Amino acid sequence: MTDLLPEEEITLKTYEKVADIWTNKHSPPHFWAEEMQRFHQLLPAGTVLEIGAGGWRDAKELIGLGYNYVGTDVSEKLLEKAREKLPGQKFYKQSVYDLSFSEKFDGFWASKVLLHIPKSRIDEALQRIKSVVEPGAVGFISLIDGEGEELREETWDDSKHKRFFAYWAKEEFNQVLKNNGFKIANYGYKHETGRLRWHCFFVKAL
């Protein structure tokens, strides 16, 4: 597996420790209902790769839309949860830097996952995604609106944990997408309860 940077290793170790808490916290259905519908309009059928599938909520809904689904995650503990909730589905332990399949996918779903990629490695991540999808493939990417990067400390169940986050402005990420051979097919801005505001990019691979 491609080496992770220290901040990425810290983030992975956190997910390994809090897999139960995190999946319970993120399992309420239909968080991306509007975005799923828009994605489905752009790609009514086909093979879809989910990057960061360990939470299993989006996997269940993508499968429900009729896609031929494959999921990946770098966290073995999160994958265990996904396999437990969705037995018989295809889940593989792969980081975004190591995506490798014999087939190429018609679409990809990357919800709340590329926000953990340092800006110094975002081109590497997007190029790897592009290598496993067909020309014209439809993708969904959600990122937190903001500036800069940070290793953020959070308290879950009275324990402190750290995760790395990269924050993006819309035009900043627009340029990154363009530089890596993606064009924007649609865009949305979602305000979650609290301080989080999400960029929702619907892209096509060129």
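Summary table
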item	result
3 or more residues under 14 Å from Ser111 (Cα atoms) and either charged (D, E, K, R) or within 17 Å of the chain's Cα centre (by Cα) (or both): qualifying strands (runs of 3 or more DSSP E) within region 159-206	182-191, 197-205
Unique residue being touching a helix residue (DSSP H, G or I) at 6+ places or on another chain (Cβ under 9 Å), modelled with pLDDT of 95 or more and over 21 Å from Val138 (Cβ atoms) when the list is Glu50, Glu16, Glu7	Glu7
Among the residues listed as Tyr92, Tyr97, the single one being under 25 Å from Leu126 (Cα atoms), at pLDDT 95 or above and not in a helix (DSSP H, G or I)	Tyr92
Within region 63-120, considering residues that are polar (S, T, N, Q), without any contact (Cβ under 8 Å) to a residue 40 or more places away in the chain and closer than 23 Å to Met36 by Cα, the one surrounded by the most Cβ atoms within 10 Å (Cβ to Cβ)	Thr72
Odd one out for Pro135 among (1) assigned to a strand (DSSP E or B); (2) crowded, with 17+ Cβ neighbours inside 10 Å	(2)
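A quick yes/no check of all residues on (1) exposed (fewer than 13 other Cβ atoms within 10 Å of the Cβ); (2) acidic (Asp, Glu):
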site: Arg152; (1), (2): yes, no
site: Asp158; (1), (2): yes, yes
site: Tyr167; (1), (2): no, no
site: Lys170; (1), (2): no, no
site: Phe182; (1), (2): no, no
site: Thr193; (1), (2): yes, no
site: Cys200; (1), (2): no, no
site: Val203; (1), (2): no, no
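The values are calculated or read from the model by the stated rules, or taken from the named source; none is laboratory data. Computed from a predicted structure; not experimentally measured. Positions of Cβ are generated from backbone atoms using ideal geometry, with glycine treated the same way; all protein chains shown enter the neighbour counts.
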